[in-house]
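K.L.:
Handing you a structure now.
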Amino acid sequence: MDVSHRCPNCQSINDYEIDLSKVLEYLSCQKYDNKIDCGQLKIIIRPLRYEEITHFNIENFKLQKMLSQLSRLETQGDDNGTIKAQTEIYEKIANMQLSLFEVSIEHIETPEGAVHDKEFINEWIKNSDKEFFKNIKLKLEKNKQQWDLPNQDVICPECKHHSKIVITMDQSSFFGKN
Ligand SMILES: [Zn+2]
């Protein structure tokens, strides 16, 4: 796989070959941590499928774009309009995170046994407290980070400067910075 990269020292752009077998080797060593302890309950999550990742990335991208367009409007001074629109976008982001959780949870282990019923799980998520949301968010982010590929060291052929190429599976993040 060839990747173009600009040297931060001399600004020349060169193609580098990334060894895919090394990348695959790295990925195969990553373990997917699928358990979240939640008091008496254990939440079992599963990795997202490729089309699910794509779906959430596109949704997230749209919403982030709407937010940045909104902050441009804000500087033009339409206060009432922007607050209403902002609330709507934040609601949509919250809903997207909720469906991300719903999709990610495989089942819940309770002292009485495993619960697989999707409707029950969704209802349970909606009634969960902040702490739970924080935990599952952290876990999903940690798992996602693991799937980012290791940086590749390259040497610029023009000036011999060493730099790193960052390779990610996707460019956007599921969660905003707030
Ligand atoms: Zn260079």
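The values are calculated or read from the model by the stated rules, or taken from the named source; none is laboratory data. Since the model is a prediction, treat every value here as computed from it, not as a measurement. All Cβ positions, glycine included, derive from the backbone under ideal geometry; neighbour counts span all protein chains shown.
Residue-by-condition table, conditions (1) within 16 Å of the ligand (Cβ to nearest atom); (2) loosely packed, with under 11 Cβ neighbours inside 10 Å; (3) outside any strand (DSSP E or B):
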{"site": "GLU119", "(1), (2), (3)": "no, yes, yes"}
{"site": "LYS134", "(1), (2), (3)": "no, yes, yes"}
{"site": "LYS139", "(1), (2), (3)": "no, no, yes"}
{"site": "LYS144", "(1), (2), (3)": "no, no, yes"}
{"site": "PRO150", "(1), (2), (3)": "no, no, yes"}
{"site": "ASP153", "(1), (2), (3)": "yes, yes, no"}
{"site": "GLU158", "(1), (2), (3)": "yes, no, yes"}
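K.L.:
Here is a further query. Go over the candidates GLU17, GLU59, GLU52 one by one and state the one that is surrounded by 11 or more Cβ atoms within 10 Å (Cβ to Cβ), closer than 26 Å to MET1 by Cα and charged (D, E, K, R).
P.N.:
GLU52
K.L.:
Could you tell me how many of the residues in the stretch 1-19 are within 16 Å of the ligand (Cβ to nearest atom) and among the hydrophobic types (A, V, I, L, M, F, W, C)?
P.N.:
4
K.L.:
Does ASN80 fit the bill of being modelled with pLDDT under 85 and either of a type in the set (A, V, I, L, M, F, W, C) or in contact with an Asp or Glu (Cβ under 8 Å, 6 or more places away or on another chain) (or both)?
P.N.:
Against the criterion (modelled with pLDDT under 85 and either of a type in the set (A, V, I, L, M, F, W, C) or in contact with an Asp or Glu (Cβ under 8 Å, 6 or more places away or on another chain) (or both)), ASN80 does not qualify.
The rows are residues; the columns are (1) in contact (Cβ under 8 Å) with a residue 12 or more places away in the chain; (2) under 30 Å from ARG6 (Cβ atoms).
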site	(1), (2)
VAL115	no, no
ILE136	yes, no
ILE155	no, yes
CYS159	yes, yes
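K.L.:
Something else about it: Listed residues LYS42, LYS22; which is loosely packed, with under 15 Cβ neighbours inside 10 Å and more than 16 Å from the ligand (Cβ to nearest atom)?
P.N.:
LYS22
K.L.:
Within the stretch 90-113, work out how many residues are exposed (fewer than 12 other Cβ atoms within 10 Å of the Cβ), at negative phi and small (Gly, Ala, Ser).
P.N.:
Summing the residues that are exposed (fewer than 12 other Cβ atoms within 10 Å of the Cβ), at negative phi and small (Gly, Ala, Ser) in the stretch 90-113 gives 1.
K.L.:
Does LEU98 qualify as being part of a loop (DSSP other than H, G, I, E, B) and closer than 21 Å to GLU52 by Cβ?
P.N.:
no
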